[in-house]
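Input: a single structure, listed below in structure tokens.
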Amino acid sequence: MSLVLAQRSKSTDPYGRGSGFVNPESESKLKMKTALRLLPMKLLMATLALGAFQAHAATSMSDAEILSVLKQRIDTEKKGVGIVVGVVDEKGSRVISYGYANLADRRLVDADTLFELGSITSVFTGVTLMEMAEKSEIRLKDPLAKYLPDTVTVPSSDDRKITLADLSAHRSGLPALPANLKQNGSDNPYTGFTTSKAYEFLSGYQLKYDVGSRYEYSSFGSGLLAQVLSQRAGTDYETLVKNRIAAPLGMTATGVTLNADLQKRMATGYSGKTQFSAVSGWSFSSFEGAGGLRSSANDMLKFVAANMGQTNVPLKDTMRKLQEPFEPGNRLLLVWGGYNNKFGSSILAQEGKTGGYSSYMAFDKKAGKGVVILSNADISVSDIGNKIINSEFPLAQ
């Protein structure tokens, strides 16, 4: 508190007095009047500083409190199997975990356990988009059709064409999922969903609303964006992410396909719909950018810290640009959509979910806090993440 008050007290004369001659008596009276005038302001500033300190203190959750929430969620509420929480704050990075990576062998989850990220994959796609735009490999306002074969028809509204930015900002007018995604009758919906099937659906789709008119999250749009970025870079999506993001950040356990060592660290996914029965992980024939990445808490903490600007890496400015409006007069952000300003917060977040996993990544740069939560059950954990950043957020009942 003393530090905050000391910073508040460093101010120039608010009355802007000039340097002309003033006799001693007048100067003495002026000083007394100024002191009396400043007294209410100083009291107000001290009160505000104290309030800010108390508000900051109220947002803090100890590791023991976080662990208690995890135990409650898994043991009492039966809404999880294993949950790993990674926290970034003024103390640095740390991990709190509880539960099992596999119920059969009772293997515990930890900071190195791998999980499916689901739609958090789209954040990696967005960072890649901005990085490629900075290098003039693409432009944000390039039409999607520019990067697709001539045989593919991209829907449009009047003269408004879908751009790469529209896909990233989820205002393309495309649906959350393509109608021909689950025709294989499998619990693994992306198996057999090829690029040609994606193009087939795109060519026959009629937009339900105008391009750019509203925000509506589209995994299909994310997958298309990842597809064209990979093709533009002349590689596959996994290699693109590894080269542009994972390798520069030292994320050695993040990817779509896993080697033997990483596979041993992969948590088994469980479906909450059938009393936590094990389910197979999602595999991708293509379209990995819709949700194909896997990672660990240790790796994701590096990604969160980089997005918060806490690590001096080349991607620091790239990530910062994604946290600002990308066009004048519009508050919409690429990737993130917008800020969650409830309870005085300023949170950017992305949630992910697959057949047997759920994930959440969020940070508040003003509060200096970030969190990643990975779970091997298909039940949302976003409420826990928000609660860790700001205790005013309620936990799900």
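Each reported figure results from applying straightforward, stated rules to the coordinates on display, with no laboratory input. Quantities reported herein were computed from a predicted structural model and do not represent experimental measurements. Please note: Cβ atoms are built from the backbone with ideal geometry, for glycine as well, and neighbour counts cover all protein chains shown.
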Rg/Rh for region 63-389 to two decimals, with Rh computed the Kirkwood way over all alpha-carbon pairs.
0.95
Amide H neighbours of Ser157 under 5 Å, counting only residues 5+ apart in sequence or on other chains, H built in-plane at 1.01 Å?
Val211
Give, rounded to the nearest 20 debye, the magnitude of the charge dipole that region 63-389 has about its Cα centre when Lys and Arg contribute +1 at Cβ and Asp and Glu contribute -1 at Cβ.
360 debye
Modelled label-to-label distance, Gln72 and Asp317, 7 Å Cα→beta-carbon offset: nm?
4.5 nm
Take the residue pairs Lys302/Lys342; Lys321/Lys365; Lys161/Lys353; Lys242/Lys369; Lys135/Lys321; Lys321/Lys369 and return only those whose Cα atoms are more than 23 Å apart.
Lys302/Lys342; Lys161/Lys353; Lys242/Lys369
Neighbour cut-off at most 16 other Cβ (10 Å), DSSP loop, trypsin sites (Lys or Arg not before Pro), region 331-389
Arg331, Lys365, Lys366
What FRET efficiency, computed as 1/(1 + (r/R0)^6) with R0 = 30 Å and r the Cβ-Cβ distance, is obtained for Lys182 and Ala396, rounded to the nearest 0.05?
0.65
Compute the separation of the alpha-carbon centres of region 316-352 and region 242-284 and state it in Å as a whole number.
27 Å
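Under the 0.36 nm per residue contour assumption, what length would be gained going from the current alpha-carbon distance of Gln206 and Arg106 to full extension? Walk me through the intermediate numbers first.
Working: separation 100, 0.36 × 100 = 36.00 nm, distance 4.90 nm.
Going from the current span to full extension adds 31.1 nm.
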Identify the trypsin sites (Lys or Arg not before Pro) of region 213-315 meeting these criteria: DSSP loop state and at most 13 other C-beta atoms within 10 Å of the C-beta.
Arg214
Mean-position separation - Cα centroids, region 357-371 and region 89-132, in angstrom:
12 Å
I want the local charge near Thr121. Using Cβ-Cβ distances under 10 Å, sum +1 for each Lys or Arg and -1 for each Asp or Glu among the other residues.
-1
Contour excess over end-to-end distance, with Cα ends at Thr194 and Ser283 and 0.36 nm allotted per residue:
30.9 nm
Long-range amide H partners of Ala101 with built H, under 5 Å
Arg107, Leu108, Val109
